[in-house]
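Inspection log for the structure reproduced underneath, given as structure tokens.
Since every read-out is calculated from the coordinates, none of them should be taken as a lab result. Computed from a prediction, not measured in an experiment: that's the story for all the values here. Every residue, glycine as well, gets a Cβ built from its backbone with ideal geometry; the counts of neighbours run over all protein chains shown.
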Amino acid sequence: MASTPSQPYGTVVSEIGVNVRELPSTDSPRIAVLPYRSTIGLKYKVRAQNIDGNHIWYLLRDRPGWVTARYVDNTGNVGLPDGESEGESAG
């Protein structure tokens, strides 16, 4: 069994897995799929495309790509990119 990444990390909760995208949008090319219950390090979060009522996307820490928070439960505090504060709105 693979070891759990350091915090913050996410666990895929969708039984069909979650797509990893080049950018935080379903219009962006899919570059990988993470299977159900896999864990992945999370670098930071941004507000982007709404997926079933959730605007948060996570940049992966240990590999290129983005995943929607709709299908990933996070453990630990996932921060914003440097220079941004929680009160700022995207777009």
Inset, instruction - Read phi for every residue in segment 66-78 and hand back ³J(HN,Hα) as whole Hz from Karplus 6.51 cos²θ - 1.76 cosθ + 1.60, θ = phi - 60°, with x for Gly and Pro. - result: 10, 10, 6, 5, 4, 10, 9, 8, 9, 10, x, 8, 8
Legend entry - 3J(HN,Hα) from dihedral phi, segment 46-52, Karplus parametrisation 6.51/-1.76/1.60, rounded to Hz, x for glycine, proline: 9, 8, 8, 4, 6, 10, 6
Inset, instruction - Name the long-range amide H neighbours of Arg61: under 5 Å, sequence gap of 5 or more, or other chain; modelled H, no Pro or chain starts. - result: Gly41, Leu42, Lys43
Legend entry - Separation in nanometres of the label points that stand 7 Å from Cα toward Cβ, at Arg37 and Ser25: 3.6
Inset, instruction - Taking trypsin sites (Lys or Arg not before Pro) as candidate sites, keep only those in a DSSP loop with at most 16 other Cβ atoms within 10 Å, then name the longest stretch of the chain containing none of them. - result: 1-36
Inset, instruction - Per residue of segment 13-20, in order, report the coupling 6.51 cos²θ - 1.76 cosθ + 1.60 (Karplus, θ = phi - 60°) as ³J(HN,Hα) in whole Hz, putting x for Gly and Pro. - result: 10, 7, 5, 9, x, 9, 6, 9
Inset, instruction - Starting from one equal scatterer on each C-alpha and no solvent at all, send me the Debye-based log10 I(q)/I(0) for the chain at q = 0.20, 0.23, 0.26 Å⁻¹, two decimals. - result: -0.93, -1.22, -1.53
Inset, instruction - Tell me which residues come under 5 Å, amide H to amide H, from Val72 once H is placed; ignore anything under 5 positions away on its chain. - result: Val13
